[in-house]
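Q: Okay, here's the structure, questions in a sec.
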Amino acid sequence: MSRPPRPARSPSRRPGAAPRRVPKAPPVEPRLVLFNKPFDVLTQFSDGEGRATLKDYIDIPGVYPAGRLDRDSEGLLLLTNDGRLQARIADPKHKLPKTYWVQVEGEPTDEQLQRLRDGVELNDGPTLPAEARRLEEPRLWERDPPVRFRKTVPTAWLELVIREGRNRQVRRMTAAVGLPTLRLVRVRIGPWNLDGLGLGEYREVPATL
């Protein structure tokens, strides 16, 4: 006796295989926001402990940070509603340069600056070479609360340009060469900078890279 034909099997995942991710469609109106983040503000829109967040400053729905900026750091943060643009900005493989103005404890020597330029050995491996130079004290907004100084120890400003995004990388790099960071301000990411942005202010720019 002949067997009835088997019904055609619909394509399916192998048992235990991870579900395929369907690429998210780009937004109809891509948006990119430049924000000058104050000290002590979290780079997220909610917090269960009542701390200051982006929600206290930005009222544009649907945008999210492209990368992070530590709570105790200040300056430029980018936000977008476009996942692909967010990845291009935040993913270290694109090596988008990020420029920081760093107030350090101590007087930098040529040797210390060269170590930063050559790459510093950290506990998670060596960093890529950075651009590092001394900087005249920049004209910045007052930090609240003010930086705590030791009267007997001088301070100086550096400009550092890195192309990675490790956790607290700049602070760890300066500490590794004997120059602890007192204040950290990000002033540029790729083609975008803080020009014309007061503390806690934001503006929209064309969402292109």
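The values are calculated or read from the model by the stated rules, or taken from the named source; none is laboratory data. As the structure is a prediction and not an experimental result, all values here were calculated from the model. Neighbour counts run over all protein chains shown; Cβ positions are idealised from the backbone, glycine included. Heads up: the accessible areas ignore ligands, DNA and RNA and are worked out on the full protein's heavy atoms, side chains in. Shrake-Rupley method; radii C 1.70, N 1.55, O 1.52, S 1.80 Å.
Q: State whether the residues of the range 15-28 include one that is farther than 25 Å from LEU128 by Cβ, of a type outside the set (D, E, K, R) and modelled with pLDDT of 90 or more.
A: No, the range 15-28 contains no residue that is farther than 25 Å from LEU128 by Cβ, of a type outside the set (D, E, K, R) and modelled with pLDDT of 90 or more.
Q: Another question about this same structure. Any residue in the range 39-65 that is in contact (Cβ under 8 Å) with a residue 12 or more places away in the chain sitting within a Cβ distance under 7 Å of a residue that is open to solvent by less than 20 Å² (accessible area, probe 1.4 Å) and among the acidic types (Asp, Glu)? List the pairs, counting only those 6 or more apart or interchain.
A: Close Cβ pairs (under 7 Å, with a partner that is open to solvent by less than 20 Å² (accessible area, probe 1.4 Å) and among the acidic types (Asp, Glu)) amount to PHE39/GLU74.
Q: Here is a further query. Can you tell me which residues in the range 77-98 are under 11 Å from the mean Cα position of the chain (by Cα) and part of a loop (DSSP other than H, G, I, E, B)?
A: ASP91, LEU96, PRO97
Q: So which residues in the range 165-202 are among the charged types (D, E, K, R) and closer than 16 Å to LEU76 by Cα?
A: Matches in the range 165-202: ARG168, ARG183, ARG186, ARG188, ASP195, GLU201.
Let's see how each residue does on (1) out of contact with any Leu (no Cβ under 7 Å at 6 or more places or on another chain); (2) within 22 Å of ALA87 (Cβ to Cβ); (3) touching a residue at least 40 places away in the same chain (Cβ under 8 Å); (4) of a type outside the set (Phe, Trp, Tyr):
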| site | (1), (2), (3), (4) |
| --- | --- |
| GLU159 | no, no, yes, yes |
| THR181 | yes, no, yes, yes |
| VAL185 | no, no, yes, yes |
| GLY190 | no, yes, yes, yes |
| GLY196 | yes, no, no, yes |
| LEU199 | yes, no, yes, yes |
| ARG203 | no, no, yes, yes |
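Q: Collect the residues in the range 145-168 that are over 21 Å from ILE189 (Cα atoms) and either aliphatic (A, V, I, L, M) or within 21 Å of the chain's Cα centre (by Cα) (or both), keeping them in residue-number order.
A: Correct list: VAL147, VAL153, ALA156.
Q: Of everything in the range 59-76 that's surrounded by 19 or more Cβ atoms within 10 Å (Cβ to Cβ) and at negative phi, which residue is farthest from the chain's Cα centre (by Cα)?
A: VAL63
Q: So which pairs qualify, if the first residue must be in the range 84-101 and touching a residue at least 12 places away in the same chain (Cβ under 8 Å) and within 13 Å of ALA66 (Cβ to Cβ), the second must be in a helix (DSSP H, G or I) and among the basic types (Lys, Arg), the Cβ gap must be under 8 Å, and the two must be at least 6 apart or on different chains?
A: If the second residue must be in a helix (DSSP H, G or I) and among the basic types (Lys, Arg), the pairs left are LEU96/ARG88.
Q: When you scan the range 99-209 for strands (runs of 3 or more DSSP E) that lie fully inside it, which ones turn up with 1 or more residues that are over 30 Å from VAL63 (Cα atoms), open to solvent by less than 30 Å² (accessible area, probe 1.4 Å) and not polar (S, T, N, Q)?
A: Strands (runs of 3 or more DSSP E) meeting the threshold: 131-135, 155-162.
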